[in-house]
Amino acid sequence: MREGADAPATGLALSRAFFEATVDELLSDGYEGLRDHMAAGLVGAGSECLGFDDEASRDHDWGPGYCVWLDPTDWNKAGKALEERYRAIASRGFAGFPPRDNSSERMGERRVGVFPVDGFYVWLLGTPGLPSTVDEWRRIPERALATATNGEVFLDTSGRFTRVRRRLLAYYPDDLRLKLIAHDCLIAAQAGQYNFGRQARRGEGLAALSCLARFSEAATHAAYALSRRYAPFYKWASHGLVALGPVGHGVREALEAALAAWRAGNVGLAEGEIERACHVLVEALQDEGLSQNDDGFLVAQAVEVNSRIRDGELRAEDLMAPATA
């Protein structure tokens, strides 16, 4: 593996450098015209698409690679041939890095190569076309929406790929976003503010740990929803809080401190840090005008946020039930 100051620092940087170095060869000998109506970049599954990859990430599905997205007509005419050419180019490795490990292909998941635009989004979202109703949005797992909107687009002369991406990046419809926030607040209150301390003082260590984990997930997800960002796969969600601004930073700091206090056996201090995370969320709700309530117990905030949902059926749904797939 290449070492040195000039080596790409991340998978995304490596992908862009590989694309810029090989796109002319890929589109040579009759394919030059595709450059005027295609898209390319690195989007999809994998920590490098989030910008979170490190040395440990390089043991699987990492290395030189990028995606090319073709409009339907171009895909039907040239997709398979261009994919064969891409694979030949990628097999050489790049900039001292060996060919990309594509172990995910053994499970039917192809992360790089040549794709039809529509087929790529169907693969990620499980549905053709953009969701247009609240029910359609709810059926798509949030991690899939995060996967479809991460990474970087290096080139889009067609505009087809970016049009879909731009709409997805606009986030959920307002009513569904409010339902997500209300649900998160209720779960956070139940797991963290109410049950964690009770279970810890009973000596129910596993139950207390479960409460802290559920609180952490709910508070983390609330920070994403307040920031209008899709939460990624669970193992990266807390890492991604740092990119969400003050609300993300505040929640992460409080959660880290709560975990440290719990590990040290200081239940009271852990409870205090849980309340600090809740305070960050209440302030964010108030700053956006979603709450005029100063109650730090997040059940009260959940009720107020839920009351602002315009759709009567959605507003009446049980707040304990997950709002999306």
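Computed over the stretch 205-325, relative contact order equals 16 percent, with contacts defined as Cα pairs under 8 Å that lie 6+ residues apart.
Where does the stretch 1-128 land on the Kirkwood hydrodynamic radius, alpha-carbon pairs, in angstrom? Hydrodynamic radius (Kirkwood, Cα pairs) of the stretch 1-128 is 15.2 Å. Can you work out D for the chain in µm² s⁻¹ from Stokes-Einstein, where Rh is the Kirkwood radius over C-alpha pairs, the temperature is 25 °C and the viscosity is 0.890 mPa s? Calculated translational D: 113 µm²/s.
With Cα atoms as the point set, the stretch 202-325 shows a radius of gyration and Dmax of 15.0, 46 Å. Against the empirical 2.2 N^0.38 Å (N residues), the stretch 34-75 has a Cα radius of gyration ratio of 1.46. Extending 7 Å from Cα along the Cβ direction at residue 10 and again at residue 320 yields two label points whose distance is 4.1 nm. Loop exposure criterion: trypsin sites (Lys or Arg not before Pro), DSSP state outside H, G, I, E and B, at most 13 other Cβ atoms within 10 Å. Applied to the chain, the longest stretch between such sites is 93-201. Scaled against 2.2 N^0.38 Å for its residue count N, the alpha carbon radius of gyration of the stretch 60-129 is 1.17.
If you wrap the tightest convex hull around every Cα atom of the stretch 79-181 and split its volume per residue, you get 139 Å³. Dividing the mean sequence gap of close Cα pairs (under 8 Å, 6+ apart) by how many residues the chain holds gives a relative contact order of 17 percent.
Coordinate-derived values only; no laboratory data. Just so you know, these numbers come straight off a predicted model, no measurement behind them. Virtual Cβ from ideal backbone geometry, glycine too; neighbours counted across all protein chains shown.
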